[in-house]
1. How many residues are open to solvent by 90 Å² or more (accessible area, probe 1.4 Å) and within 17 Å of Leu25 (Cβ to Cβ) if we restrict to segment 111-140?
2. Any idea which residue in segment 262-283 is surrounded by the fewest Cβ atoms within 10 Å (Cβ to Cβ), counting only those that are at pLDDT 75 or above and among the hydroxyl-bearing types (Ser, Thr, Tyr)?
3. Within segment 616-640, count every residue that is in contact with a strand residue (DSSP E or B) (Cβ under 6 Å, 6 or more places away or on another chain) and not in a strand (DSSP E or B).
4. Looking only at residues in segment 398-419 that are under 26 Å from the mean Cα position of the chain (by Cα) and open to solvent by 30 Å² or more (accessible area, probe 1.4 Å), which one is nearest to Tyr444 (Cα to Cα)?
5. I'm checking my understanding of the structure. Among residues of segment 160-214 that are among the hydroxyl-bearing types (Ser, Thr, Tyr), surrounded by fewer than 22 Cβ atoms within 10 Å (Cβ to Cβ) and farther than 23 Å from Ala560 by Cβ, which one is nearest to the chain's Cα centre (by Cα)?
6. Among the listed residues Leu117, Leu122, which satisfies the condition of being among the aliphatic types (A, V, I, L, M) and in contact with a strand residue (DSSP E or B) (Cβ under 6 Å, 6 or more places away or on another chain)?
7. Here are some conditions: (1) under 21 Å from Asn230 (Cβ atoms); (2) open to solvent by 40 Å² or more (accessible area, probe 1.4 Å); (3) within 29 Å of the chain's Cα centre (by Cα). Glu578 meets all but one. Which one does it not meet?
8. Are any residues in segment 269-294 hydrophobic (A, V, I, L, M, F, W, C) and touching a strand residue (DSSP E or B) at 6+ places or on another chain (Cβ under 9 Å), and if so, which ones?
Amino acid sequence: MGNSRKRTALFLCRCGPNMAGQLDLDALAGWARERGDMETVEIGDLLCAPDGKALFKRVLDERGADSVVVAACSPKTHEKTFQTLAEEAGLNLAQVQMANLREQCAWVTRDPEQAALKARALINAAIDRSRKAEKLERRTMKVLTDVLVVGGGVAGMEAALTAAQSGRRVTLVERQMALGGNLAQIEEVAPSMECSPCLLSPRLDLVREHPSIEVLAPAELLQVVGFAGNFTATVQKRARFVRDSCIGCEACLEVCPVDVESPSPMGMGTCKAIHGFYPGAVPAAWMIEQAQCRHFIDGSCSACAEVCPFESVDFEQQDEQITVKVGAIVLATGFTASDPSPLEKLGYGRLENVISMQQLERLTSNHGPTGGEIRLSNGEKPARVAVIHCAGSLRDDGLPYCSGICCSNAVKVGRLLRHQNPEATATNLHNDLVFAGPRENAFYRAALAEGTRFVRCPDLTALEVKERSRGQLEVKGPGIEPVTADLVVLSGGLEPAEGTRELAELLHLELGPDGFFKPDHDLLNATSASLPGVYIAGCAAGPCDVAASVTRARAAVGDAMSKLRPGEEIELEVMTSEIDEEICAGCKLCLAICPYRAIVFDKEKKVCLVNAAICRGCGTCTAACPSGASRAKHITDEQIYAEIGGLMHV
């Protein structure tokens, strides 16, 4: 059937005063009728309202049409609405074309004559394109209800437990050798000063014992294909060279001859080449550092294997790739503490007794290098400690933002110090103090009452730490009296976890200006990432305390569960690409650039093929294909040329 014989129905929407106040819709309707090629021309007050929908469907039922043009608002707003109504009237969804007269004309073109001309061009383009429409087939598949959680800190564990307790199977991936994250490295949590191991231990037990949670550690996400409700993820699990039968009995410690740097993210201290992470860790199995182990270097030692009562040591263990199919991915990758090394004036890395807040936390940990004792480099206990707030934060050459929780952590130093030495003094040097709520403010007030000094320094970037005689340190700065200390602690901010940018590239996610994962909407959809089906928990979304991390994790999983109801079907993308095997030369350019990894290469036929279940219809392959073998449904060359022609020849 030629274009001139196709029956086209045109619907013009007044959209209240949005368009009727700027466009003469009656004149537009008259122009359309005078064309002589329109089956129907109708004007509705609000086509998206119940009366407007009824008019739309009644006209199509009674008069029929081969194509439908709706001159109204943005397709993003109501295209699906009119496609559904058209399908109810027996049309194919591809036969509906929208002309955006509201955002692209009425709202931006103030001159009535120019607006009328532009409206005619937009309508004409939509009419010409609609007549080149090719039917699209709706396809559905059952949603996958399992969940992948990336990151095994407090937020990741809470996300895994929440999902598992809702009847979902969960794969929990952690890049370190055991769960716990940053919380596992500290002893007490501000402002409540609760015992961190006491908080973690019950959660670790629940994760370990839950039959629906599989922990992969140490492991990293390698590849993800698919979309919300249907992801296929490939995880690389690194070899431990120790089987899961290991219970951490420590028999191997006595015979291992090699000392290596502590595996803790904060470093400090040493351990053996075969080691655990911390007492009660999950997984419990220990790990051998292959690069330092003599067995792997020259084969001269197998002592750990010889003494292990459970025969758990396995030098032949290999890395393995594990594939999981899930409906949602929860990112709980946490944070990393900002590096104070560039702060030369503060003496970090230059003066032995200038340490970061994270290193102090490590010293106070019972499984830290000093068994929980705060010690100077010479082994003595400090009597005077200076704490510098915002070390590296709120400055152009460091973190430009406030992390919001650092002040409470810095206030904690005095409490930790006095626990071990009641006569010790703590002086906190700060500019602005930030406390998130009443609990944090009460913690600050209590510290004041207990004897912690707070000295306001108007310019923290001007502070300088120098060494005096006998190893004593002195902190100087404008507007303050010099502060003498045995130990200086630098309290810095929180940065995105290592590997955040790479993970964002892998999943095609947006990052915010601070480098953390950007939510879909800061206010209305803060639990979802920029890609549907991917959710953000804990500090992956930005700095927060333990309570907020847990709350974010539960919220993210709750959001995911609301969309992953067992037995429910999800609609697949209909405007996918397709490759003509007769034309394809097998150059694989499309394979290399497809952002969704929806294209495979058939080695026998030597052509590329599109996996329609994964394709999202972005059209990248079609734009890049040098032979024209790739074709994007509903965005064909013929349709685009027709639309351009309609714009130019009214």
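1. Count: 3.
2. Thr270
3. 4
4. Looking at the filtered set, the residue picked out is Asn409.
5. Taking the candidates together, the pick is Ser201.
6. Unique residue meeting the criteria: Leu122.
7. (3)
8. Cys271, Ala273, Ile274, Phe277, Val282, Ala285, Trp286, Met287, Ile288, Ala291, Cys293, listed by residue number.
The values are calculated or read from the model by the stated rules, or taken from the named source; none is laboratory data. Given the structure is predicted, the values throughout are model-derived calculations rather than measurements. All Cβ positions, even for glycine, are placed from backbone atoms using ideal geometry, and neighbour counts span all protein chains on display. SASA here: full protein model, heavy atoms, side chains in, ligands and nucleic acids out. Shrake-Rupley method; radii C 1.70, N 1.55, O 1.52, S 1.80 Å.
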